[in-house]
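Take a look at the structure set out below.
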Amino acid sequence: MQESDLKRFESLPHSTSCRLIDFDDVRVVPGIVPKSFILIVSGTKPWVTMKVELHPLIYIRQPEYWGIEVVGCQSGIGLPQTAPYHVSLDISHLLGTKGVEVVGASTREQINIP
């Protein structure tokens with residue numbers, strides 16, 4: 001992706017059904033293959049019908065900590081009842097020079113990965 005494409009993408013309207021949501025716990029565990037890592041994030045989602053995903057940020061150059069957003073999306077009829085969530089993502093190819101940074105609605109947590 002060229003820098004002009006990235007600027008064009010950033011100028012598009014934001015979604016109204018998706019938001020950053022908070023998390024309670026973040027862990028990185030080794031994968032089955034050597035030098036592979038799995039990010040596990042858990043917390044409480046505000047709607048039981050909300051789908052929670054981990055979305056890596058886009059960079060031109062490798063950062064110190066690769067940002068990964070915790071995103072909750074609601075579609076259709078929603079039930080405004082809280083519920084726990086647990087999501088995971090293979091981050092083996094999403095590492096900054098020092099590690100990753102998990103980005104929630106009001107919290108950020110940097111994790112060093114050797």
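Every number here is computed from the coordinates shown, using simple stated rules; none is lab data. All values reported here derive from a predicted model rather than from experimental measurement. Note that we place each Cβ from the backbone using ideal geometry, even for glycine, and neighbour counts take in every protein chain shown.
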Table column - 3J(HN,Hα) (Hz), the stretch 33-41, Karplus curve with 6.51, -1.76, 1.60, x for Gly and Pro: 7, x, 6, 10, 9, 10, 8, 10, 10
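Roughly speaking, what is the stretch gain from HIS93 to GLN110, that is 0.36 nm per residue apart minus the C-alpha to C-alpha distance, in nm to one decimal?
4.5 nm
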Theoretical FRET efficiency, 1/(1+(r/R0)^6), r = Cβ-Cβ of VAL29 and GLU53, R0 22 Å, to 0.05: 0.75
Pairwise centroid distance, computed over Cα atoms, of the stretch 88-114 with the stretch 7-71, Å: 9 Å
Reported label for calculated percent of Cα pairs over 19 Å apart given [x] 51; [y] 47; [z] 37: [x]
Net +/- balance of residues flanking GLY43 in space, Cβ distance below 9 Å, scoring K and R +1, D and E -1: -2
Relative contact order of the chain, defined on C-alpha pairs under 8 angstrom at six or more residues apart (%): 29 percent
Rg/Rg_ref, the stretch 71-114, where Rg_ref = 2.2 N^0.38 Å and atoms are Cα: 1.56
Amide H contacts of VAL48 (H built 1.01 Å from N, under 5 Å, at least 5 apart or other chain): LEU79, GLN81
Computed FRET value (nearest 0.05) for HIS86 with GLU64, which takes r as the C-beta separation and R₀ as 22 Å: 0.25
Residues PHE9, PHE23, sorted so that the one with the fewest Cβ neighbours within 10 Å comes first: PHE9, PHE23
